[in-house]
Amino acid sequence: MQPKRIALVTGGTRGIGEAISVALKNADYEVAATYHGNESAAHSFERQHRIKTYKWDVSSTQACRDGVDRIASELGPIDILVNNAGITRDSMFHKMSEDQWHQVIETNLTSVFNMTHAVMASMRERSFGRIVSISSINGQKGQVGQANYCAAKAGLLGFTKALALEGASRGITANTIAPGYIETDMVRQVPAEILQKIVAQIPVGRLGTPQDIARAVLFLVRDEAGFITGSTITINGGQYLL
């Protein structure tokens, strides 16, 4: 019997990340979930779902290397990486500070380099890997007040295409998922009148759920999904069509 595939989900204890982690566990993957800020939420997640959690800052190259090494020693080499960690620091561009720019770029884009680089050598040695990065509808179409966020999320699209070409001969696939507006804590903070206007622009007439995204991740990480690479799956209820 083949041992369980090891899956690592960054930002995996809340929102979309939590749904992905739980879906992977329920599909019989061995899951590790990272977090950085919310200690109590992470502990609650670990108790509830019995998924191991690991705390580090994904914007730190060394922290990512050390974290991946620790997971590999405790669970085994990582077969599946889901780059989900992300933050927002919204501001109109002419008012945006350097700190707001760098925080988002480092957490949402540089982290993907850090994490993927830390697992790539092992995946190449074993001729298997599944890398899924969570982009955004706003990385595809842009959004007022989110130049930093849009730049980072758009960067994932080009990164994934290059990585797909490099990994193809070694059994490593790389894909992105671009969610639209998903019912998470971040979206719930949007004022009700603005949220109503957003929903009115979604043809299916509702916000997405974290589980909508998790189902797509499960599809992309399967052993049988080896012919799907360099793709972007848009999950936005028809709000933005490429």
Check your understanding: Which value in nm describes the separation of the simple spin-label points at Arg188 and Ser73, placed 7 Å from the Cα toward the beta carbon?
Key -> 3.8
Review point. Got a sec to turn the phi values of region 188-194 into Karplus ³J(HN,Hα) couplings, 6.51 cos²θ - 1.76 cosθ + 1.60 with θ = phi - 60°, whole Hz, x for Gly and Pro?
Key: 5, 6, 5, x, 4, 5, 6
Practice item. Can you figure out the FRET efficiency of Gln143 with Ser231, using R₀ = 30 Å and their beta-carbon distance, to the nearest 0.05? Key: 0.85
Review point. What is the magnitude of the charge dipole of region 1-107 about its Cα centre, with +1 placed on the Cβ of each Lys and Arg, -1 on the Cβ of each Asp and Glu, and no other charges, expressed in debye to the nearest 20?
Key: 300
Exercise for review: Specify the inter-centroid distance of region 210-242 and region 125-194, based on alpha-carbon positions, in whole Å.
Suggested key: 11
Study note, to complete from the structure: Counting all Cα-Cα pairs in the chain, those more than 24 Å apart amount in percent to 43
Review point. For the chain, what does -39500 (n - 2.57) per DSSP helix run (n ≥ 4), summed and divided by total residues, give at 222 nm, in deg cm²/dmol to the nearest 500?
Key: -14000 deg cm²/dmol
Revision key, fill the gap. Long-range amide H partners of Ser133, meaning residues 5 or more apart or on another chain whose placed amide H is closer than 5 Å, are Asn83, Asn175, Thr176, Ile177
Study note, to complete from the structure: Residues whose built amide H sits under 5 Å from the amide H of Thr34, excluding neighbours closer than 5 in sequence, are Val9, Thr10, Gly11, Gly12, Tyr54
Exercise for review: Provide, for the chain, the number of lysine pairs with alpha carbons under 28 Å apart, each pair being eight or more places apart or on different chains.
Suggested key: 18
Point to revise | For region 38-146, the Rg and Dmax computed from alpha carbons only, in angstrom | key: 16.1, 48
Review point. What are the residues whose amide H is under 5 Å from the amide H of Ile235, where those residues sit 5 or more places off or on another chain and H is modelled from the backbone?
Key: Ala178, Gly180
Check your understanding: Rounded, prolate or oblate: which fits region 116-184 when a ≥ b ≥ c are the square roots of the eigenvalues of the alpha-carbon gyration tensor, with rounded for a/c under 1.5 and prolate only if a/b beats b/c?
Key -> prolate
Review point. Does region 1-100 classify as rounded, prolate or oblate by the C-alpha gyration tensor (a ≥ b ≥ c root eigenvalues; a/c under 1.5 gives rounded; else a/b over b/c gives prolate, otherwise oblate)?
Key: prolate
Revision key, fill the gap. Fewest-first ordering of Thr10, Thr116, Thr88 by Cβ atoms within 10 Å yields Thr88, Thr116, Thr10
Point to revise | Least to most buried among Ile233, Ile131, Ile194 (fewest other Cβ within 10 Å first) | key: Ile194, Ile233, Ile131
Study note, to complete from the structure: Extension length gain for Lys197 and Glu39 (0.36 nm per residue less Cα distance), in nm, is 53.5 nm
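Bear in mind that the values in this text are calculations on the coordinates, not laboratory data. Given the structure is predicted, the values throughout are model-derived calculations rather than measurements. All Cβ positions, even for glycine, are placed from backbone atoms using ideal geometry, and neighbour counts span all protein chains on display.
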